[in-house]
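Please treat every number below as a calculation from the coordinates, not as lab data. Treat the numbers as computed from the prediction; the structure is a model and nothing was measured. Reconstructed Cβ throughout: ideal geometry from the backbone, glycine too, with neighbour counts over all protein chains shown.
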Amino acid sequence: MTDARITALLDDPVRAALTTANRALAQGGPPAWRFLPEVAPFAAIADRTDRAFAALAALIPPDGRVALVTADPVAPPAALTVALRSPIAQMVLDRPAPEEPPGPGHVVLGAADVPEMIDLTGRTRPGPFGPRTIEFGHYIGLRIDGALMAMAGERMRFDRFVEISAVCVDPAHRGKGFAALLMIRLARRIQARGLTPFLHVFADNASAIALYGKLGFARRRTLHLTVLSAAA
C-alpha cells in the first residue's frame with residue numbers, strides 16, 4: 001500500500017471502515033453511510049455536496065444524531081444542526097507493543113455482559129457504546145468481586161488497521177494500571193495478526209494522550225468530530 005493510500009484511509013477512518021471490513025454493520029450507501037444506530041453513531045459522506053448531506057440526513061432517526069470524523073471541519077447545510085464540534089487526536093502504534101506487565105487475568109466479554117458494559121461506559125464516558133457495539137469484535141474486561149470494573153475492545157477496522165476503543169476503568173479502581181494492561185493485551189493481540197492498532201481520543205484529554213504515548217502510540221494528526229442532528 002502506498003503512503004498516499006494509507007493517508008487517505010486514516011484521514012477518513014469511518015468511511016474506510018463502513019465501506020470495507022465493517023460493512024456488515026453499515027446502512028446507507030453512496031453518497032452517505034452510517035453504522036446501525038444500535039452499533040454506533042458514526043457516519044461518513046462521500047463528499048460535501050447537498051446530495052451527500054441530504055442522504056446523510058435521511059439516515060438520522062427522529063431525535064437521533066450522527067457523528068462525522070473528518071480531516072477538515074465540516075460546514076453542513078441548514079437542514080442539519082451541529083450539536084458538537086471537537087478536535088480529536090488520532091494515534092497509531094507502529095512499533096512493537098510493550099511487554100505485558102503483571103496483572104489480573106481478563107475475561108472475554110460477550111452478549112450477556114452488554115448491560116454491565118453499557119453501565120460502565122455510561123459512568124466513565126470513554127465514547128459512545130450501544131446495545132450492539134460489541135458486534136464490532138473483541139472486547140475484554142476485568143472483573144473484581146464479580147463486577148465489571150475495566151474494559152477495552154476493538155472497534156473500527158479497515159485494511160491493516162484496527163481501532164482500540166471503549167477503554168475505561170471504574171473510578172474506584174483507577175490508578176492501578178488496568179487501562180494500560182488491557183490496551184497492551186489488545187495491542188499485542190492485534191499485532192500478532194499482522195495488523196496495526198490505532199485509536200482516537202479527544203485532543204484536550206491530556207492524561208489519556210500521555211498514557212497512550214507511554215504505550216508507544218504516536219500522535220498522527222488531529223481530526224475533527226462533528227455531531228449532527230436533523231434541524232427542527
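Looking at Tyr139, Gly213, His200, which one has the Cα that reaches farthest to the positive end of the dipole of region 132-232 (charges on Cβ: Lys, Arg +1; Asp, Glu -1)?
Gly213
For the pair His173 and Leu36, how long in nm is the line joining their label points, each one 7 Å along Cα→Cβ?
If labels sit at His173 and Leu36, their model points lie 2.9 nm apart.
Taking the Cα-to-Cβ direction at Arg219 and at Ala147 and moving 7 Å from each Cα, how far apart do the two end points lie in nm?
It works out to 3.5 nm between the two label points.
Suppose the Debye formula is applied to equal point scatterers at every Cα of the chain; what is log10 I(q)/I(0) at q = 0.10 Å⁻¹?
-0.45
Taking 8 Å as the Cα distance limit and 6 or more residues as the minimum spacing, I'd like the relative contact order of the chain as a percentage.
Taking the mean separation of contacting Cα pairs over the length of the chain, I get 29 percent.
Please state the charge dipole magnitude for the chain, taken about the Cα centre, from unit charges on C-beta atoms (+1 on K and R, -1 on D and E), reported in debye and rounded to the nearest 20.
It comes to approximately 340 debye.
What is the fewest-to-most order of Glu99, Glu154 by other Cβ atoms lying within 10 Å of their Cβ?
Glu99, Glu154
Roughly what % antiparallel, to the nearest 5, for the DSSP beta bridges in the chain?
Here the share of antiparallel DSSP bridges comes out near 90 percent.
Taking only the alpha-carbon positions of region 49-153 and ignoring solvent, what does the Debye formula give for the base-10 log of I(q)/I(0) at q = 0.18, 0.23, 0.24 Å⁻¹?
For the requested q values the scattering log ratios are -1.07, -1.28, -1.32.
With a/c under 1.5 counting as rounded, go ahead and sort region 83-143 into rounded, prolate or oblate using the C-alpha gyration tensor (a ≥ b ≥ c being the square roots of the eigenvalues; past the cut-off, prolate if a/b is larger than b/c, else oblate).
Taking the square roots of the gyration eigenvalues as a ≥ b ≥ c, region 83-143 is oblate.
Check Met156: other-chain or 5+ apart residues with amide H under 5 Å from its amide H, H built from backbone geometry?
Glu163
How much length is gained if the chain between Arg160 and Ala52 is pulled fully straight, taking 0.36 nm per residue apart and subtracting their Cα-Cα distance, in nm to one decimal?
The Arg160-Ala52 span can extend by a further 36.1 nm.
Skipping prolines and chain starts, which residues have an amide H placed within reach, meaning under 5 Å, of the one on Leu80, given they are 5 or more residues away or on another chain?
Excluding prolines and chain starts, which carry no amide H, the hits are Ala231.
Full extension from Glu100 to Glu116: what is 0.36 nm times the residue separation minus their Cα-Cα distance, to one decimal in nm?
Fully extending the segment from Glu100 to Glu116 adds 3.2 nm.
Given H placed on each backbone N at 1.01 Å, which residues far from Leu109 in sequence or on other chains put an amide H within less than 5 Å of it?
Here Tyr139, Ile140, Gly141 satisfy the definition.
Determine ³J(HN,Hα), in whole Hz, for all residues of region 34-47 in sequence, where each value follows from phi through the Karplus function 6.51 cos²θ - 1.76 cosθ + 1.60 and θ = phi - 60°; x replaces Gly and Pro.
8, 6, 3, x, 6, 8, 6, x, 6, 9, 8, 10, 6, 7
Bins of 10 Å, beginning at zero and ending with the bin holding the largest distance: percent of Cα pairs per bin for region 1-108, please.
Histogramming region 1-108 at 10 Å steps yields 12, 39, 28, 15, 6, 0 percent.
Fewest to most neighbouring Cβ within 10 Å: what's the order for Asp47, Asp145?
Asp145, Asp47
On a full-extension model of 0.36 nm per residue, what is the gain between Ala24 and Ala4, subtracting their alpha-carbon distance, rounded to one decimal in nm?
Between Ala24 and Ala4, full extension yields an extra 4.6 nm.
Arrange Ser165, Ser207 by Cβ neighbour counts within 10 Å, fewest through most, would you?
Ser207, Ser165
In 5 Å bins starting at 0, how do the alpha-carbon pair distances of region 91-221 split up by percent?
Computed distribution, short to long bins: 2, 11, 23, 26, 22, 14, 4, 0, 0.
Under a GNM of the chain (C-alpha, springs under 10 Å), which listed residue has the highest mean-square fluctuation: Ala208, Ala67, Ala97?
In the Gaussian network model the winner is Ala208.
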